[in-house]
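The structure appears right after this line, and notes come after that.
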Amino acid sequence: MLVRLATALDPTRVRPVVICFREPGVWAEPLLERKIPVHQGLLRHKYDAFVIRRLSRLVRQYPHACLMAVGSGGDRMFWSTLAARVTGVPMIVWSHLFPVPGEPEFEWINRRLYPWVHAVVALGRRHADALVDAAEARRGRVRVIRNGIDVDAFDHAKLRDAAREQLGLQPHETAVGMVANLRPIKRVGLFLDAAAHVLAARPQTRFFVIGDGPQRDELQARIDGSPSLRATIHFLGAREDVPTLMQAFDIVCLTSLRECLSVAMLEAMAAGKAFVAPRVGSLDEALIDGQTGRFFEPETADALAGVLIELIDDPAQRTRLGNAARAKVRSEFRLERMAREFEDLVTELCATTVRCD
């Protein structure tokens, strides 16, 4: 999302400069191609307080600057907020995690820095409320800027046949997909449990998971232990061709324990897919149950399987939901809209003397 935002900003209004405390990895390439400056290696070790001086010196090279930490808390917010305080520039925190009582996402020390943060960006109204109620953010400084995506990159129905052929799908098979990091919070195990229930009732269904992560071996072992699952559930790993593969799916799922406003959901909706998710975070700002997608409640494998079977048996409903989902994303969740709202926020803060106390 950082790369997408940086490349979508209007440089005549806001010039993006990306600072990586450590190594930027593969994400530097698309930024450098757009001639967006990328600075790296500012933080030598976790307790390297000299990063404040390095970051402050860098910020002073750019007039009318502000700093934005991407993510909820951690080193990025801590050191950036201190550097912003030293240099007297506005500080923004772009939160991507949904806090709950007892798990505020922002560490205690970062919550103590809230008086020096000029804006905390939430991804939806419910996310904004959670940042105030569970993470103790100051309500007057929480701004809602919903995620936006490159809609056209995912709206390629003409690629459906080629994508299905690539995945070895037969015309009579229904494909259910998921795009997720393989981490406990994404509850991919619940997706596998639901798949087992569906396959018992609708054996002409195949399931695909795009993504990688620390649970990969554990989840793959579950599948390998069952011949029926091994033949019908496929882990595709991290892929660069998600917009193409998405065309092969008839239904796309999300099973996360917590989400703000899922990018994977918006991408599937932009592709015109029937999307199924738990009612968490701010998902309901895009997914309207029965109109642009389906929620499964309660959040159990049985409930998810029930909704999937209903959609497998009802292609007309899948088409209706997918068409409405595509229209919703095109209308409200474009990358250009997100970029303009960030531009407005940055120019407002840089043009106004804000005293944090």
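Within region 97-111, the presence of a residue that is in the same structural domain as A339 (by TED's automatic domain parsing), in contact with a strand residue (DSSP E or B) (Cβ under 6 Å, 6 or more places away or on another chain) and not in a strand (DSSP E or B) is excluded. Region 1-92 holds helices (runs of 4 or more DSSP H) entirely within its bounds, and those carrying 2 or more residues that are free of Cβ contacts under 8 Å to residues at least 60 places away in the same chain, over 26 Å from E107 (Cβ atoms) and touching a strand residue (DSSP E or B) at 6+ places or on another chain (Cβ under 6 Å) map to 28-33.
For L287, state whether it is in a loop (DSSP other than H, G, I, E, B) and on the phi < 0 side of the Ramachandran plot. For L287, the condition - in a loop (DSSP other than H, G, I, E, B) and on the phi < 0 side of the Ramachandran plot - is met.
Please find, among I109, I185, I145, the residue that is surrounded by fewer than 16 Cβ atoms within 10 Å (Cβ to Cβ), under 30 Å from V59 (Cβ atoms) and of a type outside the set (F, W, Y). Talk me through it step by step, then tell me what you get.
Working: I185 fails: under 30 Å from V59 (Cβ atoms); I145 fails: surrounded by fewer than 16 Cβ atoms within 10 Å (Cβ to Cβ).
Every option except I109 fails the conditions.
Given the condition over 25 Å from E297 (Cα atoms), in contact with a helix residue (DSSP H, G or I) (Cβ under 8 Å, 6 or more places away or on another chain), in contact (Cβ under 8 Å) with a residue 12 or more places away in the chain and surrounded by fewer than 16 Cβ atoms within 10 Å (Cβ to Cβ), answer yes or no: does some residue in region 159-178 qualify? Checking region 159-178: at least one residue is over 25 Å from E297 (Cα atoms), in contact with a helix residue (DSSP H, G or I) (Cβ under 8 Å, 6 or more places away or on another chain), in contact (Cβ under 8 Å) with a residue 12 or more places away in the chain and surrounded by fewer than 16 Cβ atoms within 10 Å (Cβ to Cβ). Give the residues of region 221-259 that are touching a Phe, Trp or Tyr at 6+ places or on another chain (Cβ under 9 Å) and modelled with pLDDT under 95, sorted by residue number. Within region 221-259, I223, L229, R258, E259 qualify.
The values are calculated or read from the model by the stated rules, or taken from the named source; none is laboratory data. Nothing here was measured: the structure is a model prediction, and the numbers come from that model. Don't worry about glycine lacking a Cβ; one is built from the backbone with ideal geometry, like all the others, and counts go over all protein chains shown.
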